[in-house]
Amino acid sequence: MWFLDIIYYVIPFIILLAILVFVHEFGHFIVARMLSVKVSAFSIGFGKELWGREDKHGTRWKISVIPLGGYCQFLGDGDASSSTTEALKTLSEDEKKHTFVYQSPFRKLLIALAGPGFNYLLAILIYFSFFAMFGKFNIPPVIGEVMPDSAAQAVGLQKGDRILSINGHDIIEFSDISREVMMATDHKVFLTLQRGDEVLSYDVVLTELDKPLKDETTKKQYMLGVRSLGSVEISKEKLSPVDAMVESLKEVYDVTATTLRGVGQMIAGKRSSSDVGGILRIAEMSGDISKTHNLTDFVLFLALLSINLGLINLFPIPLLDGGHILICLLEMVTGREIKEKAKEYLFKAGFLLLLALMVFATWNDVVHLIGRFFNS
């Protein structure tokens, strides 16, 4: 029913995005406030205001009609990208002290870093809470079942084999297998495993299999073709607060490193650009998770997206935080302020690049959803 689809896909997606955007923009907001920079508007969403109120500091807090992002606008900004306007000239000298534009490069750098930093902080807190409350759940990389007509069956992998490494990367738990297989751009992997007292090595050519999705449909995907021993093999390891923090930092590092590896492979032409997803893909994934009614999966997905949002915003693209960070660093190194005209051209170029990426990602999402519809 269409009503259930709205509940499962639209509402969780809006909640997810609102949390991510709020945390990101609140990072900019709180650091700006600490540095006495006045925030004119704090918006969740773009476009026409649906709800708003003004606090005692003159900040307009609002929810806008298009829930696909948000912004923190500072005194004197021409728009949400912190571009300047002629209105700056009308400000008094005292008011200029509280604008973003007239801050030193170092103070601008702190404000720009705060958004991505708070996204990473959210992910760390989620992982820390998970590990501190429930301990470390480790599903060992031991094969419980070899799928028929799979690459694993073709090379003779057996139940009970413990996979030690794939393409030179250590395999600690079962989920590492999927990650390393996914990162194999040529659909080939070199793995080592332990069988009894023997350590064996195999060159494996991956095969396409039907991967079951959470909505009971399937999709074709290159896989090794093994399943774990099951939940009875999950080992729960109690963690102290210090150990929980260490594990959370390691998890954040692993997600960041894997994402950067994937981006690097795309740039080098070793990975298909069809893996680039956008808003629709996030909505699909959040909806699939919401259908399972598993709050833990939803919260962990939130942590994963928060890392990715923080990382993407650190890319040195004009209009993103990374673009502001790069400009600040250049000004700090050279001791000169980049001319406003040059910044304007940079921001326009960044806007066109981001628009192109959004269109491309949306096209990939549409193709993906069409394929999923016809395969269902």
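The values are calculated or read from the model by the stated rules, or taken from the named source; none is laboratory data. Just so you know, these numbers come straight off a predicted model, no measurement behind them. Counting neighbours? That spans all protein chains shown, and the Cβs are built from the backbone with ideal geometry, glycine included.
What to note about this one:
- Scan segment 341-362 for residues that are within 18 Å of Ala112 (Cα to Cα) and either surrounded by fewer than 13 Cβ atoms within 10 Å (Cβ to Cβ) or aromatic (Phe, Trp, Tyr) (or both) and the total you get is 2.
- Inside segment 74-86, residues that are under 19 Å from Leu309 (Cβ atoms) and either at pLDDT 60 or above or buried (at least 19 other Cβ atoms within 10 Å of the Cβ) (or both) make up a count of 1.
- Every residue from segment 44-63 that is over 30 Å from the mean Cα position of the chain (by Cα) and in contact (Cβ under 8 Å) with a residue 12 or more places away in the chain: His57, Gly58
- Val155 meets all of the listed conditions (1) touching a helix residue (DSSP H, G or I) at 6+ places or on another chain (Cβ under 9 Å); (2) modelled with pLDDT of 85 or more but one, namely (1).
- Scanning segment 100-140 for residues that are in contact with a helix residue (DSSP H, G or I) (Cβ under 7 Å, 6 or more places away or on another chain) and modelled with pLDDT of 90 or more yields a count of 21.
Residue-wise test of (1) modelled with pLDDT under 90; (2) assigned to a helix (DSSP H, G or I); (3) within 18 Å of His98 (Cβ to Cβ).
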residue	(1), (2), (3)
Leu4	yes, yes, no
Ile7	yes, yes, no
Ile11	yes, yes, no
Val21	no, yes, no
Ser43	no, no, no
Leu50	no, no, no
Lys56	no, no, yes
Leu68	yes, no, no
Cys72	no, no, yes
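- Top-ranked residue in segment 300-327 [being within 16 Å of Val21 (Cα to Cα) and β-branched (Val, Ile, Thr); ranked as modelled with the lowest pLDDT]: Ile312
- Number of the exception - Leu200 against (1) at pLDDT 75 or above; (2) on the phi > 0 side of the Ramachandran plot; (3) touching a strand residue (DSSP E or B) at 6+ places or on another chain (Cβ under 7 Å): (2)
- Residue ID - farthest from Thr259 (Cα to Cα), chosen from residues in segment 281-332 that are outside any helix (DSSP H, G or I) and free of Cβ contacts under 8 Å to residues at least 24 places away in the same chain: His293
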